[in-house]
1. Based on what the data block shows, is Gly103 at pLDDT 95 or above, at positive phi and open to solvent by less than 30 Å² (accessible area, probe 1.4 Å)?
2. Going through region 95-106 one residue at a time, which ones are hydrophobic (A, V, I, L, M, F, W, C) and in a loop (DSSP other than H, G, I, E, B)?
3. State yes or no: is Asp92 within 16 Å of the chain's Cα centre (by Cα), of a type in the set (Asp, Glu) and within 18 Å of Lys68 (Cα to Cα)?
4. Could you grab me the full set of residues in region 47-70 that are within 16 Å of the chain's Cα centre (by Cα), more than 15 Å from Asn97 (Cβ to Cβ) and aliphatic (A, V, I, L, M)?
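The values are calculated or read from the model by the stated rules, or taken from the named source; none is laboratory data. Remember, predicted model here, so these are calculated numbers, not experimental data. Every residue, glycine among them, receives a Cβ derived from its backbone with ideal geometry; neighbour counts consider all protein chains shown. Please note that ligands, DNA and RNA were not included when accessible areas were found on the heavy atoms of the full protein model with its side chains. Shrake-Rupley method; radii C 1.70, N 1.55, O 1.52, S 1.80 Å.
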Amino acid sequence: VIVMAWLCAAFSAGAHPISMSNGLANVREDEVLVELRIMLEDLVLFHSLKADPKTIFNADDLRMAAVKHDEFLLKHFTIRDGDGNLLVGKIDRRDINAIPDDGVAQAELMKRTVVYLMHFTPLKKKPKFLTFTQMFGGKKSVIPSIMDFMVLQSGVWIEKPVQLQPGRPHTIAFDWETP
C-alpha cells in the first residue's frame, strides 16, 4: 500500500508519463502543409527541463526547447509518397505565444501548446497515397506517444481523425479526379 501510494504521488507530482499531440495535414497537389500542436509538457519531457522550487518552468528555457524541438519533429514525424520516398520537411513557423514571460506552472503544462507549421516537399506529381508516421521519442523511448491526426485534401476533410501510434504508419489514398 505504501509503495502504491508513493508511485501515485510520484506520477501526480511528476511529468505526465505519455506524450500527446495533435496533427493536421493538408495535402495539396504539390506539397503537404502540416500543423502540429505540441504540449509544453513534451518540451519538458524530451528536453529534460527542470522547474524551480515553486514548480515553475522558466519561459526562456521553454522557448529555447521549442526551437530545439524543430529538429526533433522533423526527425520523428515523417511522410512518404506512394513510391516510399521520404518527403523533406521544413518548419515554416512556430507559435510560442502560450509561454508567458513569467514562466509556466507544472499544472499548466498540459493546457498549453506550441504550434508548429511545417511543409513537406517535393511532390513530383499528385500523390495517390501518402504514409504518415510519428516516432516521438525515438525507437527506444519509454514514454508512449499518441498523436490525434487528421488529413485534409486541398482543405477538405477526407477521413475521420485517427490516432497515430509510435512506429505504426497510417496510409491515406487520394482521388484527385473526384475528391
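1. Yes, satisfied.
2. Ile96, Ala98, Ile99
3. When the stated conditions are applied, Asp92 passes them.
4. The answer is Ala65, and nothing else.
This table checks each residue for (1) without any contact (Cβ under 8 Å) to a residue 40 or more places away in the chain; (2) of a type in the set (Val, Ile, Thr).
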{"site": "Lys68", "(1), (2)": "yes, no"}
{"site": "Thr78", "(1), (2)": "no, yes"}
{"site": "Gly82", "(1), (2)": "no, no"}
{"site": "Arg93", "(1), (2)": "yes, no"}
{"site": "Val104", "(1), (2)": "no, yes"}
{"site": "Ala107", "(1), (2)": "no, no"}
